[in-house]
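Written below as structure tokens is the structure these notes are about.
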Amino acid sequence: MTELDTDIPDTAVASEVASEEFRAAMGRFPSGVVVVTTRCPDGTPRGFTASSFCSVSLDPPMVLVCLANSADSAASFARCDRFAVSVLAPLHRPLAERFATKGADKFGAAGLRLSPGGLPAVERALSVLECAAHARHPAGDHTVLIGRVTGVRLGEGAPMVYYNRSFRTLA
């Protein structure tokens, strides 16, 4: 065995972790907040709020975001060719809550504009990344959506973070 190998036999079974216990543990990890948007083939905009977002590769530039399979927009993101990720600031809290609410009219109110590539994006976002859908991977009750970044728009400001099940700001 190398020092990276473990002494756990292949037949070992992981103990069950209660959903609430896992949720509480993950709530202690602060993360940024993004709104992810796309357009259906008929032009209908779709989107959701996420805190599971990160870079995957620098060359080529790629990101990933995780989407609940139960989300209103899951079917749209399962087949979209392109999507945009808007990194949010504290001023975007109402928009983050709106996009996190199942059944809400997410595109009916102000706060969005079209990106250079024609995707809905958050106005005054800290950054907007336009992506070409690269891969989708099932992961339990979520889907990991990987995108190749095709465009970037940078803004300014401090980030909004999600910590212990609520939106927060950095001090």
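Which members of region 33-92 meet the condition of being over 29 Å from residue 158 (Cβ atoms), touching a residue at least 12 places away in the same chain (Cβ under 8 Å) and of a type in the set (A, V, I, L, M, F, W, C)? Hits for region 33-92 are 40, 74, 78, 80.
Does residue 44 fit the bill of being of a type in the set (Ser, Thr, Tyr), surrounded by 17 or more Cβ atoms within 10 Å (Cβ to Cβ) and over 21 Å from residue 140 (Cα atoms)? Here the answer is no, as residue 44 does not meet what is asked. Scanning region 89-111 for residues that are farther than 25 Å from residue 140 by Cβ and either hydrophobic (A, V, I, L, M, F, W, C) or open to solvent by 70 Å² or more (accessible area, probe 1.4 Å) (or both) returns 89, 91, 93, 94, 95, 105, 107, 109, 110. Residues in region 112-126 that are at pLDDT 95 or above and buried (at least 16 other Cβ atoms within 10 Å of the Cβ): 112, 119, 120, 121, 122, 125, 126.
Residue check: residue 50 meets all listed conditions (1) among the aliphatic types (A, V, I, L, M); (2) open to solvent by 30 Å² or more (accessible area, probe 1.4 Å); (3) within 16 Å of residue 146 (Cβ to Cβ) but one, namely (2). When the strands (runs of 3 or more DSSP E) confined to region 37-76 are screened for residues that are at pLDDT below 95 and of a type in the set (Gly, Ala, Ser), none reaches at least 2 such residues.
Mind listing just one residue for me: the one in region 155-166 that is of a type outside the set (A, V, I, L, M) and either part of a strand (DSSP E or B) or farther than 14 Å from residue 97 by Cα (or both) and, of those, most open to solvent (accessible area, probe 1.4 Å)? Even if it seems obvious, please write down each step before you answer.
Here is the first cut: in region 155-166, the residues of a type outside the set (A, V, I, L, M) are 155-157, 159, 162-166.
Checking the rest, the ones that are also either part of a strand (DSSP E or B) or farther than 14 Å from residue 97 by Cα (or both) come to 155-157, 159, 162-164, 166.
Details: 155: 36, 156: 167, 157: 66, 159: 47, 162: 75, 163: 80, 164: 77, 166: 35 Å².
Of everything passing the filter in region 155-166, 156 is most open to solvent (accessible area, probe 1.4 Å).
Give me a count of the residues in region 115-138 that are out of contact with any strand residue (DSSP E or B) (no Cβ under 7 Å at 6 or more places or on another chain) and not in a loop (DSSP other than H, G, I, E, B). Residues in region 115-138 being out of contact with any strand residue (DSSP E or B) (no Cβ under 7 Å at 6 or more places or on another chain) and not in a loop (DSSP other than H, G, I, E, B): 1 in total.
Checked against (1) open to solvent by less than 70 Å² (accessible area, probe 1.4 Å); (2) modelled with pLDDT of 95 or more, residue 152 meets all criteria but (1).
The values are calculated or read from the model by the stated rules, or taken from the named source; none is laboratory data. Everything numeric here is computed off the predicted structure, so don't read it as measured data. We place every Cβ from the backbone using ideal geometry, glycine too, and count neighbours over all the protein chains shown. Accessible surface is based on the protein model in full, side chains and every heavy atom, while ligands, DNA and RNA are left aside. Shrake-Rupley method; radii C 1.70, N 1.55, O 1.52, S 1.80 Å.
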